[in-house]
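Trainee: My structure is below; once you've seen it, I'll send some questions.
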Amino acid sequence: MTRAAWLTDIHLNFLRPMQLEKFYQQVKSCNPDCILISGDISEAPRLQYTFQQFEARLPYPIYFVLGNHDFYGASIQDVYSLVHELTAGSSTLHWLNESGIVELAPNVGLIGHDGWADGRYGDYQSSTVMLNDYLAIRDFVGMTKDRRLDLLNQLGDSAARHVDNWLPKAFSRYDHVFFLTHVPPFAEACWHEGQSYDDDWLPHFASKAAGDALINVMRDYPQKTLTVLCGHTHGRREVHILDNLLVMTGGAEYNHPEVQRVFEL
């Protein structure tokens with residue numbers, strides 16, 4: 001049996017040293033065999049320190065994707081390059097964008113991709129929402145609304161291509177696959193403070209391209225099972241999109257990171 005501890009939106013850059021120590025002890029107390037993190041780990045200037053702490057304090061394989069906050073203070077490509085370098089020689093840290101298929105248990109596989117809200121749910125053109133992302137991530141700074149949508153579309157399409165490429169390969173080996181991503185791939189999985197997101201907020205909090213890709217693959221594999229683990233909204237939610245497709249969105253609160261769940265596989 002494999003015990004996989006799932007974390008999301010832990011935002012460790014907000015924590016003081018005593019809080020960090022308490023969090024590491026909480027994770028260790030779960031006796032995990034591995035850790036799954038669905039993004040928003042820290043912010044770009046602190047990522048290297050945070051990953052070094054993971055290697056020193058959490059002696060388990062850590063499979064992760066990045067969230068939007070992990071790019072704050074840098075460009076997307078700069079963060080990609082940094083994380084590639086930090087994980088290339090690590091036996092502990094595994095960035096799922098580059099890890100392909102991981103075996104969690106004899107009949108359970110894992111794939112993942114950072115994902116990104118792609119502006120295709122809701123009403124992007126009428127939305128008045130201005131996320132901190134568009135001010136704190138260099139690629140978005142100074143962009144017109146239309147140019148920003150083009151970039152969001154490109155980022156969403158990248159996640160969809162990852163699904164198209166890796167999920168069928170994973171199902172050739174495993175009956176149950178976990179897909180780890182940061183942004184919910186379906187509007188139904190976007191939940192915050194007890195409410196669904198409306199058309200004003202949805203463009204910035206869900207990835208339709210990734211969701212469409214997931215549905216297309218799952219309809220081709222009716223006898224297989226997919227569990228999607230995501231975050232981003234800070235609202236806990238579970239929804240069956242199809243009979244064989246479950247999405248779990250993690251709850252979160254700044255300054256109070258927690259283990260969402262321990263899966264026994």
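The values are calculated or read from the model by the stated rules, or taken from the named source; none is laboratory data. Since we're looking at a predicted model, the values are computed, not measured. We place every Cβ from the backbone using ideal geometry, glycine too, and count neighbours over all the protein chains shown.
Trainee: Exactly one condition in (1) among the small types (Gly, Ala, Ser); (2) at positive phi; (3) part of a helix (DSSP H, G or I) is false for Gly73; which is it?
Mentor: So the condition that Gly73 fails would be (3).
Trainee: Still on this model: Which one of these is in contact with a strand residue (DSSP E or B) (Cβ under 6 Å, 6 or more places away or on another chain), part of a helix (DSSP H, G or I) and either of a type in the set (Lys, Arg) or touching a residue at least 12 places away in the same chain (Cβ under 8 Å) (or both): Met218, Met248?
Mentor: Numbers: Met248 fails: part of a helix (DSSP H, G or I).
That would be Met218, the only listed residue that is in contact with a strand residue (DSSP E or B) (Cβ under 6 Å, 6 or more places away or on another chain), part of a helix (DSSP H, G or I) and either of a type in the set (Lys, Arg) or touching a residue at least 12 places away in the same chain (Cβ under 8 Å) (or both).
Trainee: Does region 98-119 hold any residues that are within 21 Å of Gln154 (Cα to Cα) and surrounded by 19 or more Cβ atoms within 10 Å (Cβ to Cβ), and which are they?
Mentor: Ile111, Gly112, His113, Asp114, Gly115, Trp116, Ala117, Asp118, Gly119
Trainee: Oh, and also: Report the residue count in region 70-86 for those that are buried (at least 19 other Cβ atoms within 10 Å of the Cβ) and without any contact (Cβ under 8 Å) to a residue 60 or more places away in the chain.
Mentor: 3
Trainee: Next up: Give me the pairs, please: first residue somewhere in region 124-140 and of a type in the set (D, E, K, R), second residue anywhere and crowded, with 17+ Cβ neighbours inside 10 Å and assigned to a loop (DSSP other than H, G, I, E, B), beta-carbon distance under 9 Å, and either six or more positions apart or on two chains.
Mentor: Asp133/Tyr72; Asp133/Ala117; Arg138/Gly73; Arg138/Ala74
Trainee: Quick one: count up the residues across region 1-26 that are out of contact with any strand residue (DSSP E or B) (no Cβ under 6 Å at 6 or more places or on another chain) and either assigned to a helix (DSSP H, G or I) or of a type in the set (Val, Ile, Thr) (or both). If you could, list the steps in order and put the result at the bottom.
Mentor: Applying the first criterion (out of contact with any strand residue (DSSP E or B) (no Cβ under 6 Å at 6 or more places or on another chain)) to region 1-26 yields 9-26.
Add one more test, that the residue is either assigned to a helix (DSSP H, G or I) or of a type in the set (Val, Ile, Thr) (or both), and what stays is 10, 12-14, 17-26.
Here the count works out to 14.
Trainee: Given the conditions (1) without any contact (Cβ under 8 Å) to a residue 24 or more places away in the chain; (2) acidic (Asp, Glu); (3) surrounded by 17 or more Cβ atoms within 10 Å (Cβ to Cβ), which single one is not true for Asp40?
Mentor: Looking at each condition in turn, Asp40 falls short on (1).
Trainee: Of everything in region 212-256, what is touching a Lys or Arg at 6+ places or on another chain (Cβ under 9 Å) and of a type in the set (Gly, Ala, Ser)? Give them in sequence order.
Mentor: Listed by number, the residues that qualify are Ala213, Gly250, Gly251, Ala252.
Trainee: Let me ask you something else. How many residues are more than 17 Å from Tyr80 (Cα to Cα) and either under 21 Å from the mean Cα position of the chain (by Cα) or not aliphatic (A, V, I, L, M) (or both) if we restrict to region 136-156?
Mentor: 9
Trainee: Report whether or not Gly235 is surrounded by 18 or more Cβ atoms within 10 Å (Cβ to Cβ) and under 13 Å from the mean Cα position of the chain (by Cα). Break it down stepwise before answering.
Mentor: Working: surrounded by 18 or more Cβ atoms within 10 Å (Cβ to Cβ): yes; under 13 Å from the mean Cα position of the chain (by Cα): no.
For Gly235, the condition - surrounded by 18 or more Cβ atoms within 10 Å (Cβ to Cβ) and under 13 Å from the mean Cα position of the chain (by Cα) - is not met.
Trainee: Then there's this: Within the set of pairs 6+ apart or on separate chains, which have a first residue in region 172-194 that is touching a residue at least 12 places away in the same chain (Cβ under 8 Å), a second that is of a type in the set (Lys, Arg) and in a loop (DSSP other than H, G, I, E, B), and C-beta atoms under 6 Å apart?
Mentor: Going by the 6 Å Cβ cut-off, the qualifying pairs are Asp175/Lys224.
Trainee: How many of the residues in region 45-75 are more than 15 Å from the chain's Cα centre (by Cα) and not small (Gly, Ala, Ser)?
Mentor: Result for region 45-75: 17.
Trainee: Determine whether region 46-60 contains at least one residue that is at pLDDT 95 or above, more than 23 Å from Arg261 (Cα to Cα) and surrounded by 15 or more Cβ atoms within 10 Å (Cβ to Cβ).
Mentor: Yes, some residue in region 46-60 is at pLDDT 95 or above, more than 23 Å from Arg261 (Cα to Cα) and surrounded by 15 or more Cβ atoms within 10 Å (Cβ to Cβ).
Trainee: Looking at region 132-158, which of its residues are closer than 18 Å to Tyr72 by Cα and surrounded by 15 or more Cβ atoms within 10 Å (Cβ to Cβ)?
Mentor: Asp133, Tyr134, Ala136, Ile137, Arg138, Asp139, Phe140, Arg148, Leu151, Leu152, Leu155
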